[in-house]
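Report on the structure given below.
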Amino acid sequence: MNESTKQIRNQPVHEFRIGAIKAVVWANSTTNGIVHNVVPVRLYWDDKGEWQETHSLGRDDLLVAAKVLDTVHTWIVETEQRTSRRSSQAASCTSDALGYRA
């Protein structure tokens with residue numbers, strides 16, 4: 001696998017942000033299907049005026065982070081439900097095409 005393929009493959013599938021708090025969602029293939037992992041991040045300006053990221057959250061970040069993570073949870077559940085429905089429909093179509101009836 002070349003370096004450009006690695007960069008394309010290792011992209012987050014989604015990001016949610018409220019203010020300086022964001023959550024980065026990654027999809028990882030496993031033998032049991034796709035598993036989503038989430039990395040919470042706080043953005044801040046450094047002394048040079050450049051954006052930086054940290055995983056450390058302060059007291060005032062916690063409720064915003066909770067809201068971001070709640071939104072991420074909803075997105076993951078809905079995504080998994082859509083994927084599950086498509087898989088079920090595809091299996092049903094295959095069974096119908098082969099003449100199997102439940």
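We did not get these values from a lab; they are worked out from the coordinates using the rules stated. The shown structure was predicted, so the numbers you read here are calculated from the model rather than taken from an experiment. Counting neighbours? That spans all protein chains shown, and the Cβs are built from the backbone with ideal geometry, glycine included.
Residues with beta-carbon under 14 Å from that of Arg42, excluding Arg42: net charge, scoring Lys, Arg +1 and Asp, Glu -1? Numbers along the way, then the final one.
On the way: positive: Arg17, Lys22, Arg59, Lys67; negative: Glu15, Asp46, Glu53, Asp60, Asp61.
Computed value for this residue: -1.
Sort 73-81, 61-69 by packing, meaning the average of other beta carbons within 10 Å per residue, with the highest value first. Let's see the in-between values first.
Values: 73-81: 13.4, 61-69: 15.1.
Final packing ranking: 61-69, 73-81.
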